[in-house]
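Here's the structure we're looking at; comments come further down.
The values are calculated or read from the model by the stated rules, or taken from the named source; none is laboratory data. Owing to the predicted nature of the structure, the values given are computational and were not obtained by experimental measurement. Reconstructed Cβ throughout: ideal geometry from the backbone, glycine too, with neighbour counts over all protein chains shown.
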């Protein structure tokens, strides 16, 4: 998130139960108020995409602690961006049969962070790219950011 311009990037990776790359995406955002706003909209973009792919059982993993807290509880509902958190929870409940939300260290989310950095560079706001296999610039990170990896 770049406070001076109000812009940011989003990125996500969808994996199967063994951790293999299924799909990834990236894009740019503008008119953002803060980093949490960017993280929340990034999550919405990823949830929309995996829902479109027909996934009904998902594990949502984020490195944004505040976003994780906002999704697990209603403690942040009264914040100015609380409406986004309520919308995310409603989307999860209405589009997925089973879901869980976990917060992991940033070191376990290198692929999504790399894709978000790529997304910032996409010229047109809200432009997006999706891949059914890991793009070459994140391929080395795909196996290295799984929880429990020590590399």
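Here are the numbers for this structure:
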quantity: Qualifying residue in the range 112-125 (condition: out of contact with any helix residue (DSSP H, G or I) (no Cβ under 9 Å at 6 or more places or on another chain), part of a helix (DSSP H, G or I) and either surrounded by fewer than 12 Cβ atoms within 10 Å (Cβ to Cβ) or at pLDDT 85 or above (or both)); calculated: no
quantity: Residue within the range 71-78 that is in contact (Cβ under 8 Å) with a residue 24 or more places away in the chain, in a helix (DSSP H, G or I) and within 19 Å of residue 96 (Cβ to Cβ) present; calculated: yes
quantity: Pick from the range 93-111, criterion more than 12 Å from the chain's Cα centre (by Cα) and modelled with pLDDT under 70, ranking: nearest to residue 57 (Cα to Cα); calculated: 108
quantity: Sole residue being closer than 30 Å to residue 4 by Cα, in contact with a strand residue (DSSP E or B) (Cβ under 9 Å, 6 or more places away or on another chain) and touching a residue at least 12 places away in the same chain (Cβ under 8 Å), chosen from 92, 67; calculated: 67
quantity: From the options 50, 13, 83, residue that is in a helix (DSSP H, G or I) and surrounded by 12 or more Cβ atoms within 10 Å (Cβ to Cβ); calculated: 50
